[in-house]
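What follows is one structure encoded as structure tokens, with my remarks underneath.
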Amino acid sequence: MEEVKAEIAKIIYDALGNEQVSLEEIESKIEKPKDKKNGDFAYPCFNLSKVLRNSPINIANDLQSKIILNNSLSKVEALNGFLNFYLNSENIVNDVLTEIVNKGQNYGKSEEGKGINIIVEYSSPNIAKPFHLGHFRNTVLGKALYDLYEELGYNVIGINHLGDWGRQFGILIEGYRRFKDEYNLEENPLQALSDIYTRINQLAKQDESIIDIARENFKKLENGDEELLKLWKSFREISLKEYNRIYEILGSKFDSFNGEAFYNDKMQEVIDILDKKGVLKDSQGAKIVEVGDNMPPCIILKSDGTTIYATRDLAAILYRARTYDFTKCIYITATEQILHFKQVFEAAKYLVDEKYQKGLVHVSYGMIRLKTGKMSTREGNVVYINDLIEEAIKKSKDIILNKNPNIENIDTVSKQIGVGALIFNYLKSGKNKDIIFDIDETLRFDGETGPYVQYTYVRTRSILEKVGFNIEKIDISKIDLSVLNTVQEVELIKSLEKFKSIIQKAANDYEPSVLARYLIDVATLFSRFYNECSVANVEDENLKLARCILVYSTSIVIKKGLGILGIDCPEKM
């Protein structure tokens, strides 16, 4: 409907007859009213007051009398300083459904990003620890953003910046030395490493000498101690094997697993560049870069000469600019790291060209907390995603079998529903909203949930199967779609038309919840249509085919939308 928006702008521009307001400025102000009673598009006349020296209400009334509508519009109405435009529903019905049928699963795709590189850095767990809920939210958010940009035609590079370096490995190595014989490292090695890490941290609270030993271990690791490096590599391999199993379930895509360790030999160049440019300063023995009056300085080297996260992140920015020539480099981490990335992005202006520095984007998300408080691996109070996925699949299986005992492929369907329920639950909320984890709420099978949207898709397929509808045998040009004129039909079609702009908005706002909430709306509108407009029991063959095409089009949008969010649609449930 961008074409219609441009048409409306031209109509207003012609009616104004005043070149003080540009066509582009008019088009940028056109919006979609929240209340459907106020039309399909609205233009606020408030910005014209200074130019025309009149009130918005008078301007709107005057413009209404001068506007000449085209065939795309049925009427224009002046209301409280707004010009409300109503689309010709017959044109909408025909244009939208014809486009969906012709494009199929390509409906919603765009080539706006052709030839443009966008990096999405997401998931990025600390190795030697099982996936928990915090990793899960990061991973599904990143995967959705990856797919949104891919849908818009961008060349997307997924990077998993593993937390595979740092002093925590010094303490893990010490725990491994002390306790390895007490754990089964063959059966569940990642869980064993996590338990060892928790145990050694608890012991360190009672014996401070353990921290000194851990520091020494990490120092040896940094200096290339062969025995410790071999042990560290085994931790990394164990972790990646388990993580990739989870990523396969979630459909995550990564082009690089270069983590913090990858940048060990690339940090000196960062330090040298900053020093050469005269921005590296001494501060109580540390080396810092000033990043503005409103922020603490960005520490590059600590007083003991060691590097920190910021140093490695700056090395990564320099490497990625050279390697990927990115337009955007999007970092997905919790809100706790907002200040860190503000400091790093500001310091990056001394390392890379302005176009790269301006393309750095931090997408933060709220925390997932237990009812008992914040999760902590050190304290051992976490919910592991592997356990949660297994529980979700089991509960889904019980519910499905209770409703349909004879369903085929129950294991596959249970997995689609269970995993989909988890993903949708964490994507339907705004990304910056903190979530209190509640297993029962997560796995509800009614209301605003993933299974509800999935079930709507299954219902569309069931209807089409019942009437024997085959889109391959349909010539849509020979079907009179204007018979779809009830309120329920037109509102559903209008919602399907929004799909392309929803994808655009979700990507622009880095907010997959925009798409998730939209799919709930589509499912709700379809339910109203289904309840009011019969498909199978219609004698008029043209009306039956037209409604089948509407059902088919709904199935395309729901399946495509859920797929972008990383959720599979079962054909039956």
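The values are calculated or read from the model by the stated rules, or taken from the named source; none is laboratory data. Please read these numbers as outputs of a predicted model, since none were measured by experiment. Using ideal geometry, Cβ is built from the backbone for each residue, glycine included, and neighbour counts are taken over all protein chains shown.
Is there any pair with a first residue in region 1-20 that is under 21 Å from Asn54 (Cα atoms) and assigned to a helix (DSSP H, G or I) and a second that is at pLDDT 85 or above and small (Gly, Ala, Ser) whose Cβ atoms are under 7 Å apart and which are 6 or more apart or on different chains, and what are they?
none
Would you confirm, using the coordinates I've provided, whether Phe326 is in a loop (DSSP other than H, G, I, E, B) and either closer than 15 Å to Gln357 by Cβ or in contact with a Gly (Cβ under 8 Å, 6 or more places away or on another chain) (or both)?
Values: in a loop (DSSP other than H, G, I, E, B): yes; either closer than 15 Å to Gln357 by Cβ or in contact with a Gly (Cβ under 8 Å, 6 or more places away or on another chain) (or both): yes.
So Phe326 passes the test.
Can you find, within region 541-565, the residue that is surrounded by the fewest Cβ atoms within 10 Å (Cβ to Cβ) among those that are among the basic types (Lys, Arg) and under 20 Å from the mean Cα position of the chain (by Cα)?
Quick first cut of region 541-565, residues among the basic types (Lys, Arg) only: 544, 547, 559-560.
Checking the rest, the ones that are also under 20 Å from the mean Cα position of the chain (by Cα) come to 559-560.
On the way: Lys559: 19, Lys560: 21.
Among them, the one singled out is Lys559.
Pick out the one residue from Val535, Val522 that is hydrophobic (A, V, I, L, M, F, W, C), closer than 28 Å to Phe445 by Cα and either in a helix (DSSP H, G or I) or in contact with an Asp or Glu (Cβ under 6 Å, 6 or more places away or on another chain) (or both).
Values: Val535 fails: either in a helix (DSSP H, G or I) or in contact with an Asp or Glu (Cβ under 6 Å, 6 or more places away or on another chain) (or both).
When all the criteria are applied, what remains is Val522.
Only residues that are within 28 Å of Asn94 (Cα to Cα), at pLDDT 85 or above and charged (D, E, K, R): list them for region 33-55, please.
Within region 33-55, Asp40 is the sole residue that qualifies.
Residues of region 391-435 being among the small types (Gly, Ala, Ser) and under 16 Å from Gly142 (Cα atoms), which ones? I'd like the intermediate steps shown before the answer.
Kept after step one, since they are among the small types (Gly, Ala, Ser), are these residues of region 391-435: 392, 396, 414, 418, 420-421, 429-430.
Matches in region 391-435: Gly420, Ser429, Gly430.
What are the pairs, 6+ residues apart or on separate chains, where a residue within region 202-214 that is over 13 Å from Gly175 (Cα atoms) has its Cβ under 8 Å from a residue that is exposed (fewer than 15 other Cβ atoms within 10 Å of the Cβ)?
Qualifying pairs under 8 Å: none.
With respect to Val101, determine if the residue is crowded, with 23+ Cβ neighbours inside 10 Å, out of contact with any Cys (no Cβ under 6 Å at 6 or more places or on another chain) and under 25 Å from Ile567 (Cβ atoms). Don't jump to the end; show me each part of the working.
Numbers: crowded, with 23+ Cβ neighbours inside 10 Å: no; out of contact with any Cys (no Cβ under 6 Å at 6 or more places or on another chain): yes; under 25 Å from Ile567 (Cβ atoms): yes.
Spelling it out, it is not the case that Val101 is crowded, with 23+ Cβ neighbours inside 10 Å, out of contact with any Cys (no Cβ under 6 Å at 6 or more places or on another chain) and under 25 Å from Ile567 (Cβ atoms).
Suppose we filter Asp225, Asp265, Asp255 for residues that are under 30 Å from Ile423 (Cβ atoms) and either over 28 Å from the mean Cα position of the chain (by Cα) or surrounded by fewer than 17 Cβ atoms within 10 Å (Cβ to Cβ) (or both); which single one remains?
On the way: Asp225 fails: under 30 Å from Ile423 (Cβ atoms); Asp265 fails: under 30 Å from Ile423 (Cβ atoms).
Going through Asp225, Asp265, Asp255 in turn, just one is under 30 Å from Ile423 (Cβ atoms) and either over 28 Å from the mean Cα position of the chain (by Cα) or surrounded by fewer than 17 Cβ atoms within 10 Å (Cβ to Cβ) (or both): Asp255.
So, Lys505, is that one closer than 24 Å to Asn138 by Cα, among the basic types (Lys, Arg) and surrounded by fewer than 16 Cβ atoms within 10 Å (Cβ to Cβ) or not? If you could, list the steps in order and put the result at the bottom.
Working: closer than 24 Å to Asn138 by Cα: yes; among the basic types (Lys, Arg): yes; surrounded by fewer than 16 Cβ atoms within 10 Å (Cβ to Cβ): yes.
In short, yes.
Within region 276-310, restricting attention to residues that are modelled with pLDDT under 95 and in a helix (DSSP H, G or I), which residue is surrounded by the most Cβ atoms within 10 Å (Cβ to Cβ)?
Ala310
Can you find a residue that is modelled with pLDDT under 95, assigned to a helix (DSSP H, G or I), charged (D, E, K, R) and surrounded by fewer than 21 Cβ atoms within 10 Å (Cβ to Cβ) anywhere in region 336-352?
Checking region 336-352: at least one residue is modelled with pLDDT under 95, assigned to a helix (DSSP H, G or I), charged (D, E, K, R) and surrounded by fewer than 21 Cβ atoms within 10 Å (Cβ to Cβ).
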